[in-house]
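The values are calculated or read from the model by the stated rules, or taken from the named source; none is laboratory data. Keep in mind that what you see is a predicted model, and the values were worked out from it rather than measured. Note that each Cβ is placed from the backbone with ideal geometry, even for glycine, and that neighbours are counted across all protein chains shown.
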Amino acid sequence: MNRIFSGMQPTRQLHLGNYLGALRNWVALQDGFECIFCVVDLHALTLPQDPAALRRNIREVTAAYIAAGIDPERCIIFAQSSVAAHSELSWILSCHTPLGWLNRMTQFKDKVGKKALENAMLGLYAYPVLMAADILLYKATHVPVGEDQKQHLELSRDIAGAFNRHYDRAFFPLPEPQILGDATRVMSLRDGSKKMSKSDESDYSRINMTDDADLIAVKIRKARTDPEPLPDTLEALVKRAEADNLITIYAALAGISRAETLAQVAGQQFSQFKKDLADLAVAKLSPINAEMNRLMADPAEIDLILRRGAERAGTMAAGHLDEIKDVIGLLRL
Ligand code: TYM
């Protein structure tokens with residue numbers, strides 16, 4: 001039995017990196033797998049959130065899933081906080097996770113930055129354990145994510161393995177990362193060495209799934225590039241991070257390879273290429289944006305979808321949590 005679990009944090013708007021690196025792949029995978037897609041609102045709490053904005057973002061991420069093509073009938077779509085077993089399993093797994101494993105997590109170090117460790121939140125540190133709980137609670141076998149989640153997934157596999165060894169049984173499947181396509185790490189439009197991210201101060205560094213056509217075009221026009229025309233080989237892109245990123249985005253949106261993209265655009269100046277890229281991005285993203293707006297106009301409908309999803313996820317989670325309690329020696333009373 002192959003089961004997919006994946007999720008996105010409802011912090012600010014989703015962007016093109018989230019779409020090309022993950023969401024678009026989820027849409028394709030729902031035909032071949034049993035799929036569970038979560039809005040990981042508890043993970044969002046690891047950084048300060050405004051309550052009203054968080055509520056809106058939870059609904060907006062749900063709307064983005066559906067607008068991008070996830071079918072809430074075939075797949076389970078739900079909010080993490082509505083299934084309490086995520087938090088329970090997270091505690092249990094945290095008692096099977098050595099601190100040394102968490103100390104290796106680069107995202108924790110990046111997010112804490114230069115601030116004093118004393119002021120960093122415990123939740124941020126424990127974040128990858130909650131992520132492992134998300135996946136293992138459903139005994140998921142596959143986890144489609146972008147490149148930046150690779151290390152967290154390795155930790156999930158390590159925790160699953162440690163649990164299985166400790167209780168001497170193959171209880172959790174070791175979840176396989178699915179890092180698919182060319183756009184597994186979409187970079188900032190302002191700096192080709194930084195990943196496109198919700199937390200970047202500059203809104204011009206990313207294309208949000210909520211941006212309208214004009215804003216998408218302006219952001220692409222202002223994207224940083226170099227003065228050379230576009231090359232005809234992939235090797236020539238290696239030292240041109242911004243050009244490389246725009247070619248990757250074009251290829252992913254057009255559904256062709258990077259080499260095919262170069263064959264079409266080699267020799268062009270960026271002014272021309274950016275116009276074509278903006279047209280393509282608008283053509284692909286505008287229908288999703290329009291559908292998101294339509295869904296967001298009826299929050300009650302979104303809440304209903306999340307409630308139904310929570311019931312379905314909750315049933316599966318409760319069954320697995322009972323099994324876990326049996327395995328570790330807690331009473332099921
Ligand atoms: P999050 O919310 O940061 O990102 C959601 C998904 O988008 C991918 N992604 C990108 N892909 C390509 N280029 C980018 N610039 C880019 N930025 C983000 C991420 O890799 C991710 O797939 N910890 C997770 C959420 C999570 C989760 C889980 C995922 C919690 N529990 C269980 C899978 C399974 C996160 O913060 O994703």
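Find the residue count for the range 21-66, including only residues that are among the basic types (Lys, Arg), buried (at least 16 other Cβ atoms within 10 Å of the Cβ) and more than 12 Å from the chain's Cα centre (by Cα).
Of all residues in the range 21-66, those among the basic types (Lys, Arg) come to 24, 55-56, 59.
Filter again for buried (at least 16 other Cβ atoms within 10 Å of the Cβ), leaving 24, 59.
From what is left, the residues that are more than 12 Å from the chain's Cα centre (by Cα) are 59.
So the count comes out to 1.
Would you check if there is a residue in the range 158-171 being of a type in the set (Asp, Glu), more than 27 Å from Leu29 (Cβ to Cβ) and either modelled with pLDDT of 95 or more or under 16 Å from the mean Cα position of the chain (by Cα) (or both)? It would help to see each step written out before you state the result.
Taking the range 158-171 as the starting set, the residues that turn out to be of a type in the set (Asp, Glu) are 158, 168.
Those still in the list that are more than 27 Å from Leu29 (Cβ to Cβ) too: 168.
Now restrict to residues that are either modelled with pLDDT of 95 or more or under 16 Å from the mean Cα position of the chain (by Cα) (or both): 168.
Within the range 158-171, one or more residues are of a type in the set (Asp, Glu), more than 27 Å from Leu29 (Cβ to Cβ) and either modelled with pLDDT of 95 or more or under 16 Å from the mean Cα position of the chain (by Cα) (or both).
Ala140 versus (1) within 12 Å of the ligand (Cβ to nearest atom); (2) assigned to a helix (DSSP H, G or I): which is the lone unmet condition?
(2)
Look at Ser199 and say whether it is near the ligand (Cβ under 10 Å from one of its atoms), of a type in the set (S, T, N, Q) and crowded, with 17+ Cβ neighbours inside 10 Å. Please lay out each step first, then the result.
Working: near the ligand (Cβ under 10 Å from one of its atoms): yes; of a type in the set (S, T, N, Q): yes; crowded, with 17+ Cβ neighbours inside 10 Å: no.
Here the answer is no, as Ser199 does not meet what is asked.
Given the conditions (1) surrounded by fewer than 16 Cβ atoms within 10 Å (Cβ to Cβ); (2) farther than 30 Å from Gly32 by Cα, and given that Glu147 satisfies all but one, which numbered condition is not satisfied?
Among (1) surrounded by fewer than 16 Cβ atoms within 10 Å (Cβ to Cβ); (2) farther than 30 Å from Gly32 by Cα, the lone unmet condition for Glu147 is (2).
Suppose we filter Ala140, Ala183 for residues that are more than 27 Å from Ser81 (Cβ to Cβ), of a type in the set (Gly, Ala, Ser), in contact with a Ser or Thr (Cβ under 9 Å, 6 or more places away or on another chain) and buried (at least 17 other Cβ atoms within 10 Å of the Cβ); which single one remains?
Working: Ala140 fails: more than 27 Å from Ser81 (Cβ to Cβ).
None of the others qualify; the one that does is Ala183.
So is Gly7 out of contact with any Lys or Arg (no Cβ under 7 Å at 6 or more places or on another chain) and surrounded by fewer than 18 Cβ atoms within 10 Å (Cβ to Cβ) or not? Talk me through it step by step, then tell me what you get.
Numbers: out of contact with any Lys or Arg (no Cβ under 7 Å at 6 or more places or on another chain): yes; surrounded by fewer than 18 Cβ atoms within 10 Å (Cβ to Cβ): no.
When the stated conditions are applied, Gly7 does not pass them.
Inside the range 173-196, can you point out the residues that are part of a loop (DSSP other than H, G, I, E, B) and near the ligand (Cβ under 10 Å from one of its atoms)?
Within the range 173-196, Pro175, Ile179, Gly181, Ala183, Thr184, Arg185, Val186, Ser188, Lys194, Met196 meet the criteria.
List the pairs whose first member sits in the range 267-295 and is acidic (Asp, Glu), whose second member is buried (at least 19 other Cβ atoms within 10 Å of the Cβ), and whose Cβ atoms are under 6 Å apart, counting only residues at least 6 apart or on separate chains?
Glu291/Ala67
Among the residues of the range 53-85, write down those that are more than 22 Å from Val129 (Cα to Cα), more than 14 Å from the ligand (Cβ to nearest atom) and part of a helix (DSSP H, G or I).
Once the filter is applied, which keeps residues that are more than 22 Å from Val129 (Cα to Cα), more than 14 Å from the ligand (Cβ to nearest atom) and part of a helix (DSSP H, G or I), the range 53-85 yields Ala53, Arg55, Arg56, Arg59, Ala63, Ile66, Ala67.
Output the residues belonging to the range 225-269 that are at pLDDT 95 or above, part of a loop (DSSP other than H, G, I, E, B) and among the basic types (Lys, Arg).
Hit for the range 225-269 is Arg240, nothing else.
Conditions tested, residue by residue: (1) in a helix (DSSP H, G or I); (2) more than 13 Å from the ligand (Cβ to nearest atom).
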| site | (1), (2) |
| --- | --- |
| Leu102 | yes, yes |
| Lys111 | yes, no |
| Tyr127 | yes, no |
| Ala132 | yes, no |
| Lys150 | yes, no |
| Asp158 | yes, yes |
| Arg165 | yes, yes |
| Arg169 | no, yes |
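If I ask for residues that are within 10 Å of the ligand (Cβ to nearest atom) and touching a His at 6+ places or on another chain (Cβ under 9 Å), which ones from the range 11-39 would you list?
Across the range 11-39, the qualifying residues are Thr11, Cys38.
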